[in-house]
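Step one of this worksheet: look at the structure below.
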Amino acid sequence: MSNYTPQVKICGLTRVEQALQCTDLGADAIGCVFYPKSPRHLTDDRAGEICSAVRNRVKTVGVFVNESFSSIMKRVECCQLSAVQLHGQESPELVLRLCNENLQVIKALFIDGNPSLKDAENYPASAFLVECGQGKLPGGNALQWNWDQARSFGEKHPLIIAGGLSPENISHAIKVSFPHAVDVSSGVESSPGYKDIDKVSLFLDAVSRCGINKNAEKIF
């Protein structure tokens, strides 16, 4: 075992300048949301601007909910996304098809929802994002949960934890779940889609001080 510091994805970016600031502070990946019902939903043009600004500096991840293969690939191509995150009830066949496009595919699984952790073996994903699965919208909905419920899962699969994370609780969440990476959105915002850069800095600093005894390859 060696000392491993989890990577960080800042999700729900809506402004180029904030994506650049998150990158400068040390984020490993940024997320652009392509879900129309989300307050962080981006047009293709805005997402393209954000991804272009940070390209070759961090991974750019497109977040989709129950979209078709053609719709996802349209955004991948126009924004030159590094990876896709599937946050709905997508089929294993869709995951495989996207993987065959040489894409990194992250599949969301839910503690209290479907697909659940036991469904991981069906998905040929690069990594799994785990959250509680409660709330009105797909995503963490700022709801904290027992992150330790994902710890054993992370011993077998590349694990990203999300949901209710903030600068105040991220150290605890990492210590109980031993993730490969963490994903935060509302926990570092002053309003939906508007990142509070001071909170982002505090979050990244807290993660940098949370080395865990784990042999792991980086996800992003």
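What follows draws every value from the coordinates through simple rules; no lab data is involved. Keep in mind that this is a model prediction, so the values were computed, not measured. A quick note on method: Cβ atoms are made from the backbone with ideal geometry, for glycine too, and the neighbour counts reach across all protein chains shown.
What to note about this one:
- Residue pairs exceeding 20 angstrom between C-alpha atoms, taken from Lys107/Lys218; Lys107/Lys156; Lys9/Lys74; Lys118/Lys156; Lys59/Lys118; Lys59/Lys156: Lys9/Lys74; Lys59/Lys118; Lys59/Lys156.
- Principal semi-axes in Å for region 1-49 [√(5λ), Cα gyration tensor, largest first]: 25, 13, 7
- When DSSP beta bridges are restricted to pairs lying wholly in region 3-213, around 10% turn out antiparallel.
- Charge sum, other residues only, whose C-beta stays under 10 Å from Trp145's C-beta, Lys/Arg counted +1 and Asp/Glu -1: -3
- Estimated from the Cβ-Cβ distance and a Förster radius of 25 angstrom, the FRET efficiency linking Gln80 and Lys218 is about 0.75.
- Only Cα pairs under 8 Å and 6+ residues apart enter the sum, and on that basis the relative contact order of region 3-213 stands at 22 percent.
- Distances between placed amide hydrogens fall under 5 Å for Val8 paired with Asp28, Ala29, Val182, all partners being 5 or more residues away or on another chain.
- With neighbour counts taken as other beta-carbon atoms within 10 Å, the residues Glu17, Glu131 rank, fewest first, as Glu17, Glu131.
- Only the Cβ atoms of Lys and Arg (+1) and of Asp and Glu (-1) were treated as charged; on that basis the dipole of region 3-213 about its Cα centre amounts to roughly 40 debye.
- Label-to-label distance, nm, for residues given as Asn146 and Glu49 (7 Å Cα→Cβ offset): 4.5
- Extension gain, Phe69 to Glu101, is 10.5 nm, computed as 0.36 nm per intervening residue step minus the present C-alpha separation.
- Dipole of the chain computed with +1 at Lys/Arg Cβ and -1 at Asp/Glu Cβ about the Cα centre; of Asn215, Gln89, Val61, farthest Cα towards the positive end is Asn215.
- Between Leu20, Ser38, Gln7, the Cα set farthest toward the positive side of the dipole of region 1-50 (charges on each charged residue's Cβ, about the Cα centre) is that of Ser38.
- Normalising by residue count, region 1-102 has a Cα convex hull of 124 Å³ per residue.
- The Cα trace of the chain gives Rg and Dmax of 15.7, 44 Å, the first to one decimal, the second as a whole number.
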